[in-house]
1. Given the residues A:30, A:10, which is the only one that is more than 25 Å from residue A:116 (Cα to Cα), at pLDDT 85 or above and either open to solvent by 20 Å² or more (accessible area, probe 1.4 Å) or acidic (Asp, Glu) (or both)?
2. Test residue B:214 against the stated conditions and say whether it is in contact with a helix residue (DSSP H, G or I) (Cβ under 9 Å, 6 or more places away or on another chain) and either open to solvent by 40 Å² or more (accessible area, probe 1.4 Å) or outside any helix (DSSP H, G or I) (or both).
3. Could you list, in sequence order, all residues of the range B:48-64 that are over 16 Å from the mean Cα position of the chain (by Cα) and open to solvent by less than 20 Å² (accessible area, probe 1.4 Å)?
4. Identify the residue in the range C:1-24 that is open to solvent by 70 Å² or more (accessible area, probe 1.4 Å) and modelled with pLDDT of 90 or more and, among all such residues, is farthest from the other protein chains (Cβ to nearest Cβ).
5. Within the range B:160-184, can you find the residues that are closer than 18 Å to residue B:77 by Cα and either open to solvent by less than 50 Å² (accessible area, probe 1.4 Å) or of a type in the set (Val, Ile, Thr) (or both)?
6. Look at the range B:41-85 and say how many of its residues are out of contact with any Phe, Trp or Tyr (no Cβ under 6 Å at 6 or more places or on another chain), assigned to a helix (DSSP H, G or I) and under 30 Å from residue B:103 (Cβ atoms).
7. Any residue that is on the phi > 0 side of the Ramachandran plot and touching a helix residue (DSSP H, G or I) at 6+ places or on another chain (Cβ under 7 Å) - is there at least one of those in the range B:135-154?
8. Would you point out which residue out of A:211, A:204 is open to solvent by less than 20 Å² (accessible area, probe 1.4 Å), more than 14 Å from chain B (Cβ to nearest Cβ), under 16 Å from residue A:36 (Cα atoms) and at pLDDT 95 or above?
Amino acid sequence: MSTGAIAEPISATRTRGWTIFGWFAFAFLIASQAIAIAISPPDRDMGDLQKIMYVHVPSAWMTMLAPLTVLVFSLKYLWSRREQDDLVAASAAEVAATFAGLTLALGMIWARPTWGIWWTWDARLTSMLVLFLILAGYLAVRAVVDDRDQRAQWSAAVGILGAINVPIVYMSVRWWRTLHQIQSSPSTVAPAYVIGLRLNAFAFLFVMIYFIRRRYDAALTLRAAEHASESAALKGGAA
Amino acid sequence: MPWRDEWRRARAIAWKDLTAERRSKAVFNSVIALAITILVLFGFALGPDAQALRDAAPGVIWLAALFAGVLAFNRSYQTEIEGGALDQLVLYPGGRRAIFAGKLMGNFVLVASTLAIVVALGVILFQVDLPAQWLALVAILFFGCVGLVTLGTLYAAMASRSRVREVLLPLLLFPMLVPVLIAAIQATKSLLGGDLMHDAGAWARLLAAYDVIFVAASFLAFDFVIEV
Amino acid sequence: MMSNTTFVIAAFTVTWIALLGYLVHVRRVERRAREALDHATKAGSV
């Protein structure tokens with residue numbers, strides 16, 4: 001049902017271009033982190049802990065963007081039935097799961113010294129956990145379904161419904177939390193920190209784009225390998 | 001009129017499933033038994049202090065219905081898959097919507113009955129007082145049940161045809177149902193406590209919105225899920 | 001009781017482990033795919 005079986009892996013020159021982008025992305029990240037740490041004064045209440053924001057917040061933002069990519073390309077796949085769209089969605093989901101896991105870990109590393117506990121049922125952290133589980137479900141579907149069309153269409157359905165649910169989950173968890181007033185996480189960013197945050201946000205964005213592209217290339221190569229072995233098997237059978 | 005044909009077909013599917021169930025009672029009995037068992041086990045886990053039980057009751061009731069429902073959802077496609085009838089039904093124009101509607105209605109009757117029994121038993125075992133606004137409670141039970149059953153029926157269409165169905169259905173379903181669980185449990189808790197904060201209405205609205213969104217989305221998604 | 005600086009260092013360390021770890025993962029997938037492709041094209045041309 002999918003059109004355009006992918007016979008050729010991605011060309012070598014395109015790969016080199018992206019490799020350069022990858023080096024740039026990571027260099028930019030190192031620079032952003034260094035700058036942010038250097039120029040930001042310690043926070044009045046949190047002290048040096050404030051610096052964790054430079055990795056935790058961008059990671060959280062990327063975890064929001066990636067499911068959006070999954071949504072767009074899942075819809076695109078159902079419309080076009082092009083395998084490439086399915087593979088982009090899947091790559092974005094894998095990257096999203098990585099960033100979700102990282103955001104949760106960083107959230108806990110922040111929570112422990114701030115409030116003395118590893119986990120609070122804080123609205124954002126809890127929603128992030130649910131998003132992580134939704135992504136895990138998506139990846140599970142991709143892992144256990146062997147039929148290519150079935151896998152693509154089921155993943156698309158799961159991805160779209162999951163993405164739609166993200167804001168609903170966040171709203172319901174937040175209402176749930178406001179009923180039981182506990183600590184709120186710092187939401188406003190003091191102007192002194194904005195530059196550092198923005199730099200790091202862009203850095204994370206570049207890294208995420210690079211990851212999705214890289215993962216997509218790998219998926220294309222895998223697909224080309226499957227295509228080649230299928231044709232080889234057919235030829236061998238016909239002989 | 002194609003609409004009426006669809007509706008008739010959906011009703012026929014639901015009726016067939018429910019009649020088969022009424023005769024054998026296999027699924028119904030297992031689902032009810034599981035729900036009751038869960039209720040009792042939670043009683044042991046959380047009790048015997050009366051206040052602790054009363055506080056936990058709304059959560060336990062909905063979780064019991066959820067876990068028991070999962071059992072029902074996967075089984076609802078069993079007969080068609082075994083008989084190979086699914087491929088036939090899919091070929092009818094508008095047949096897919098009818099399949100989903102039929103399965104949905106069948107599952108709804110099953111889970112709603114389970115929920116009713118669980119509430120009745122829960123009120124007794126967990127020493128809960130029935131609220132004056134029992135009608136509002138019924139509304140919450142209805143909207144929550146719709147949410148559970150809609151996504152359950154959709155995801156079971158995939159899980160029941162995969163090799164790891166027992167694991168895949170909960171894994172896919174539970175995170176998606178977080179808003180339903182939160183809203184239904186909080187609204188139930190609020191109503192059982194006399195709705196002092198008047199927040200049951202807000203939760204009910206969230207549930208209704210969720211239901212509208214996901215009933216529509218599930219009908220659309222089912223087309224794609226069932227055709228491969 | 002660990003100082004705040006320890007947690008900050010932990011945070012950045014975990015971040016880099018995660019990012020570089022994922023990079024390693026993708027390259028491993030790529031390598032396996034490339035090997036499979038070479039194997040399959042060789043088999044086809046035999």
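The values are calculated or read from the model by the stated rules, or taken from the named source; none is laboratory data. Note that this is a predicted model, so its numbers are computed, not measured. Every residue, glycine among them, receives a Cβ derived from its backbone with ideal geometry; neighbour counts consider all protein chains shown. Calculation scope for accessible area: heavy atoms of the full protein, side chains included, ligands and nucleic acids excluded. Shrake-Rupley method; radii C 1.70, N 1.55, O 1.52, S 1.80 Å.
1. Details: A:10 fails: at pLDDT 85 or above.
The unique qualifying residue is A:30.
2. Details: in contact with a helix residue (DSSP H, G or I) (Cβ under 9 Å, 6 or more places away or on another chain): yes; either open to solvent by 40 Å² or more (accessible area, probe 1.4 Å) or outside any helix (DSSP H, G or I) (or both): no.
Taking the combined requirement at face value, the residue does not satisfy it.
3. First, pick out the residues of the range B:48-64 that are over 16 Å from the mean Cα position of the chain (by Cα): B:48-57.
B:53, B:57, listed by residue number.
4. Among residues in the range C:1-24 that are open to solvent by 70 Å² or more (accessible area, probe 1.4 Å) and modelled with pLDDT of 90 or more, the one farthest from the other protein chains (Cβ to nearest Cβ) is C:24.
5. Correct list: B:160, B:162, B:164, B:167, B:168, B:169, B:170, B:172, B:173.
6. Qualifying residue count, the range B:41-85: 26.
7. Residues of the range B:135-154 on the phi > 0 side of the Ramachandran plot: none.
Within the range B:135-154, not a single residue is on the phi > 0 side of the Ramachandran plot and touching a helix residue (DSSP H, G or I) at 6+ places or on another chain (Cβ under 7 Å).
8. On the way: A:211 fails: under 16 Å from residue A:36 (Cα atoms).
Unique residue meeting the criteria: A:204.
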